[in-house]
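Take a look at the structure below.
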Amino acid sequence: MQQIALDIGLSTAPTLDNYFSGPNAAALAHLRQWLHARADSAPTYLWGPEGSGKSHLLQAAVAGLRAQGHSVGYLNAETQAPPAFDESWTAVVMDDVHLYSAQQQHVAFNWFVNAQTHQCWVLAAGAL
């Protein structure tokens, strides 16, 4: 009997280093610069079709911030009970905004306004 090794290793978490940028090199460069310098606190919105890597970039940014010891608010279309804005957050990250319910849209607007008031970075992505 012969055994065949199966490649069923654990998948790696999204990082900026394991993102294949292709035509999205400018978005990747912007996120790299911000994670290291945070000189620009202007809101950033990424858009594109499904499968273009938006969620990967957002999740990599969240992981990068958390690795640096920052607290981050994260909202996506699957978040059923979003928390209230937390003043300790360094950033708010909102993914798949085009899929948000009315309640999630209300929370996202509140997070955006509070993030601007407290000078937190806003990173969001959607299809349009």
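The values are calculated or read from the model by the stated rules, or taken from the named source; none is laboratory data. All values reported here derive from a predicted model rather than from experimental measurement. Cβ placement follows ideal geometry from the backbone for every residue including glycine, while neighbour counts extend to all protein chains displayed. Note: areas computed on protein heavy atoms with side chains; ligands, DNA, RNA excluded. Shrake-Rupley method; radii C 1.70, N 1.55, O 1.52, S 1.80 Å.
A compact table of results
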| read-out | value |
| --- | --- |
| Cβ-Cβ FRET estimate between Ala127 and Ile4, R0 fixed at 30 Å, reported to 0.05 | 0.15 |
| Within the accessible area of the chain (1.4 Å probe), percent carbon and sulfur | 56 |
| D (Stokes-Einstein, µm²/s), Kirkwood Cα radius, the chain, 1.567 mPa s at 4 °C | 83 |
| Centroid-to-centroid separation of region 12-62 and region 77-93 [C-alpha atoms, Å] | 19 |
| Accessible solvent surface per residue of the chain, calculated while the other protein chains remain in place, 1.4 angstrom probe, Å² | 62 |
